[in-house]
Amino acid sequence: MVFLLHIAIARPKVVINGPLKSPSGHALAKANKFDIRHLKIKIIPVSDEPIIDLQSDHYFMGEALRQAFRAYEAEEVPIGAVVVREGRIIGRASNQVETLKDATAHAEMLALTQAESAVGDWRLTDCTLYVTKEPCPMCAGAIVHVRLARVVFGVGDPKAGAAGGALNLLQFPTLNHQCDITRGVREQECMSLLQMFFVEQRAKAKLRSQGGE
């Protein structure tokens, strides 16, 4: 258990009405002056719970995971994304390909569009994208075009990822912009949600093929 010591002193000398007594009951000689020897100290226990850093990659990936869970509830591939500028979320979205019947409605694309609207410009040079799964080539192309400063993703995609998985468009040397990349933030949580979704989808497909509802 950690303890904090709280001592508040307004000024070096404090005028006190009447004699100031020590813990033993004897009056102090200089009753009109503050004597730190007889200061009462209040010890306040502090919770052992970790402090949440609202500016950390862990926190913002948690916000992307919230969006991914929304996609999961809508039976979309559970991917979520948020765009952060100066510590504030200015764009957030979940995957909506099936809902909108639009192959380009990936979480990253929708979040980038929201962010552009928020700043009033297509350039997002001082922004960071947090996304639960490594961006695909389409989203990576959009990220390069909007000049994002940084991309943070959860789980990688070695088959189709374009941020170092299958290829790296975000740092492609001949393109006119490159992004900083941070990989593996809350990777297990991002992976588990995707795995759960696909297990359930395969089970539903098997049930349908057997004539079930």
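The values are calculated or read from the model by the stated rules, or taken from the named source; none is laboratory data. Quick caveat, the model's predicted, so the values are computed rather than measured. Note that each Cβ is placed from the backbone with ideal geometry, even for glycine, and that neighbours are counted across all protein chains shown. Each accessible area value is taken on the protein alone, full model and side chains, heavy atoms only, with ligands, DNA and RNA left out. Shrake-Rupley method; radii C 1.70, N 1.55, O 1.52, S 1.80 Å.
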Problem - Accessible carbon and sulfur surface of the stretch 100-176 relative to its total accessible area, %, 1.4 Å - result: 57
Fill in the blank from the handout: antiparallel share of DSSP beta bridges within the stretch 96-213, to nearest 5, in %, is 10
Exercise for the section: Check each of the GluC sites (Glu not before Pro) in the stretch 113-206 and keep only those in coil by DSSP with at most 13 other C-beta atoms within 10 angstrom; list them in order. Expected result: none
Exercise for the section: Averaging sequence separations of C-alpha pairs under 8 Å and six or more residues apart, then dividing by the length of the stretch 90-199, give the relative contact order as a whole percent. Expected result: 20
Practice task
Provide the solvent-accessible area of Met138, counting protein heavy atoms only and rolling a 1.4 Å probe, rounded to the nearest 10 Å².
Solution key: 70
Practice task
Figure the gain on full extension for Asp126 and Glu189 (residue separation times 0.36 nm, minus the Cα-Cα span) and round it to one decimal in nm.
Solution key: 20.0 nm
Exercise for the section: May I ask you to compute the full-extension gain from His145 to Asp180, defined as 0.36 nm times their residue separation minus their alpha-carbon distance, rounded to one decimal in nm? Expected result: 11.2 nm
Completion exercise
Once amide hydrogens are built 1.01 Å from N within the peptide plane, the residues lying 5 or more places from Arg92 or on another chain with amide H under 5 Å from its amide H are Val83
Fill in the blank from the handout: Square roots of five times the C-alpha gyration tensor eigenvalues of the stretch 74-151, ordered largest first and given in whole Å, equal 20, 12, 11
Problem - Reference-scaled alpha-carbon Rg (2.2 N^0.38 Å with N residues) for the stretch 50-119 - result: 1.13
Problem - Convex hull per residue volume in Å³, alpha carbons only, for the stretch 68-213 - result: 111
